[in-house]
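Q: Before I ask anything, let me first share the structure, which is written out below as structure tokens.
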Amino acid sequence: MIRNKVVVGILPTFPHSETDPYGDTASFVQMYSDKVKECGGIPIGILEKDASFYTSICDAYIWPGGSKVHREFFLILQDAIQNKKPILGICLGAQAISIFFNLLEDKKKYPDLSLEEIYQKMKEENPYLKEAENVSIHSHIVTKEKESILNAMHEITIQKNSLLYQIYQTEKMNVVSLHTITIAHASADLMISAKSSDGVIEAIEYQDFILGVQFHPEILPDLQIFEWLLETACRKYLLLVNKKEKVQKQDFLIVHYDSTIAESLGQSDMELNTKEAWLSLQAFLQSHGFIVDVNSAYRSSQVQQEIWDFYLNKYNDDYVQKYVAKPGFSEHETGLAIDVSVKVNEKWMDEETDQTAEFFTFLAQNAWQFGFIIRYPKGKEEVTGYSYEPWHIRYVGSSKIAKKIMENHLTLEEYLERKF
Ligand SMILES: [Zn+2]
């Protein structure tokens with residue numbers, strides 16, 4: 001994530017010749033990056049075949065149409081599967097996904113062979129693979145002439161229990177497919193989620209984060225499939241932790257954050273992207289005249305236990321239930337939650353009073369811009385199980401999702417129920 005936006009790596013469409021010393025350039029189709037930008041993401045071009053650098057910064061991928069399946073980019077698919085990063089394959093990209101899953105299937109038969117060796121073996125028996133890597137056969141020219149696009153328009157039927165159905169909410173739709181070869185054989189691990197009337201496989205999917213479509217969604221005006229890609233990329237930040245949902249083991253990277261007011265060292269640490277977003281929010285608040293800092297952010301379950309015990313000694317059971325989370329059930333144990341304090345008349349304050357009301361109203365109205373929500377809003381005590389806590393903000397990974405939650409006066413619980 002960069003500046004709180006999802007980074008989408010886009011593969012080149014036409015990598016050029018390798019023998020010409022000036023031919024090692026890549027071309028990118030503007031329509032793909034336009035769609036990513038329209039959905040609020042940051043598109044970046046994957047500029048070289050050694051894509052390992054890009055796997056470290058990309059949250060999602062688009063494998064677009066093109067002239068040849070470049071197997072060097074299978075590394076991208078490995079990263080996607082391993083780290084559950086969403087990938088959208090389009091046209092030749094969908095075929096690349098299919099070939100990769102064929103390889104994984106054959107790997108079970110030949111565990112000692114490398115994927116490349118298996119590929120060469122498959123190629124001997126499978127003319128389709130020869131076609132997929134043959135530039136001259138899989139060359140289609142996408143013209144933007146309205147006429148030619150309309151000619152390629154046809155209906156597909158979408159499986160009702162599929163991811164594609166969830167995205168488009170329809171069983172029949174008109175799409176534009178422009179291709180000369182089709183997916184010959186989909187691995188058993190893939191679901192075939194759409195077909196055209198002549199039996200051509202129009203979509204394949206794996207679990208809920210890998211999707212390949214034979215048609216070209218970038219030509220159509222709607223954004224649903226690209227929105228799916230970006231929302232799925234920040235889904236891990238929608239982790240639900242509440243009185244019923246225990247903190248599961250997460251792979252969030254907790255980093256140090258130096259707060260001037262946290263009670264003890266380490267208590268203001270937080271998740272990596274949460275910190276980036278927090279620093280931007282803090283600067284924004286400061287530019288509006290509010291001096292803020294972190295009272296408490298990440299807590300280990302041991303620290304949460306200590307807090308629980310401390311309050312239990314001091315207050316009655318009822319109070320503790322309302323304000324303090326049981327160890328294992330605190331959002332603070334994820335590193336995604338921050339308790340904010342504001343400085344008023346040289347005093348740090350974290351409760352809503354006459355003096356802080358203006359600040360907390362401003363925070364509630366603007367935190368979404370940085371991907372934060374007020375996790376325990378007023379009037380939602382029944383849903384969240386907690387009293388109103390204006391100071392407790394929660395990172396959800398996307399300003400777009402945060403905006404949706406705030407605008408519709410939802411809690412995270414309600415958003416997740418509607419959406420996923
Ligand atoms: Zn809190």
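The values are calculated or read from the model by the stated rules, or taken from the named source; none is laboratory data. The shown structure was predicted, so the numbers you read here are calculated from the model rather than taken from an experiment. Note: ideal-geometry Cβ built from the backbone for every residue, glycine included; neighbour counts use all protein chains shown.
Q: Quick one: would you say ILE338 is at pLDDT 95 or above, more than 16 Å from the ligand (Cβ to nearest atom) and not basic (Lys, Arg)?
A: no
Q: Also: Quick one: in segment 366-397, which of the residues that are under 24 Å from the mean Cα position of the chain (by Cα) and polar (S, T, N, Q) is farthest from the ligand (Cβ to nearest atom)?
A: The selected residue is GLN369.
Conditions tested, residue by residue: (1) part of a helix (DSSP H, G or I); (2) more than 16 Å from the ligand (Cβ to nearest atom).
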| residue | (1), (2) |
| --- | --- |
| VAL247 | no, no |
| GLN250 | no, yes |
| TRP278 | yes, no |
| GLN282 | yes, yes |
| TYR298 | no, no |
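Q: Still on this structure, please answer the following. SER177 is checked against (1) surrounded by fewer than 17 Cβ atoms within 10 Å (Cβ to Cβ); (2) of a type outside the set (Phe, Trp, Tyr); (3) in contact with a Cys (Cβ under 9 Å, 6 or more places away or on another chain) and fails just one. What number does that condition carry?
A: (1)
Q: For GLN214, all conditions in the list (1) polar (S, T, N, Q); (2) in the same structural domain as LEU92 (by TED's automatic domain parsing); (3) surrounded by fewer than 21 Cβ atoms within 10 Å (Cβ to Cβ) hold save one; what is the number of the exception?
A: It is condition (3) that GLN214 fails.
Q: Still on this model: List pairs: first in segment 31-44 and among the basic types (Lys, Arg), second modelled with pLDDT under 95, Cβ under 6 Å, 6+ apart or cross-chain?
A: The qualifying pairs are LYS35/GLU218.
Q: Might you let me know whether segment 309-318 holds any residue that is more than 15 Å from the ligand (Cβ to nearest atom), assigned by TED's automatic domain parsing to the domain that holds VAL241 and surrounded by 15 or more Cβ atoms within 10 Å (Cβ to Cβ)?
A: no
Q: Would you be able to tell me the number of residues in segment 362-420 that are in a strand (DSSP E or B), touching a residue at least 40 places away in the same chain (Cβ under 8 Å), more than 14 Å from ASN4 (Cα to Cα) and not β-branched (Val, Ile, Thr)?
A: The first filter runs over segment 362-420 and keeps only residues in a strand (DSSP E or B), leaving 372-376, 389-395.
Next cut, touching a residue at least 40 places away in the same chain (Cβ under 8 Å) only: 372, 375, 389, 391-395.
Filter again for more than 14 Å from ASN4 (Cα to Cα), leaving 375, 389, 391-393.
Subsequent filtering for residues that are not β-branched (Val, Ile, Thr) retains 375, 389, 391-392.
So the count comes out to 4.
Q: Of the residues that sit in segment 319-333 and are within 15 Å of the ligand (Cβ to nearest atom) and over 21 Å from TYR388 (Cβ atoms), which one is surrounded by the fewest Cβ atoms within 10 Å (Cβ to Cβ)?
A: PRO327
Q: Another question about this same structure. Any residue in segment 341-348 that is outside any strand (DSSP E or B), over 30 Å from GLY41 (Cα atoms), away from the ligand (no atom under 15 Å from the Cβ) and in contact with a strand residue (DSSP E or B) (Cβ under 7 Å, 6 or more places away or on another chain)? Step through it out loud before you land on a result.
A: Here is the first cut: in segment 341-348, the ones outside any strand (DSSP E or B) are 345-346.
This time we only want the ones that are over 30 Å from GLY41 (Cα atoms), so: 345-346.
Still in the running and away from the ligand (no atom under 15 Å from the Cβ): 345-346.
Still in the running and in contact with a strand residue (DSSP E or B) (Cβ under 7 Å, 6 or more places away or on another chain): none.
Taking every residue of segment 341-348 in turn, none turns out to be outside any strand (DSSP E or B), over 30 Å from GLY41 (Cα atoms), away from the ligand (no atom under 15 Å from the Cβ) and in contact with a strand residue (DSSP E or B) (Cβ under 7 Å, 6 or more places away or on another chain).
Q: Find all pairs meeting these conditions: Cβ atoms under 6 angstrom apart; at least six residues apart or on different chains; first residue within segment 286-303 and farther than 28 Å from LYS249 by Cα; second residue part of a helix (DSSP H, G or I).
A: PHE290/PHE359; VAL292/GLN282; VAL292/LEU285
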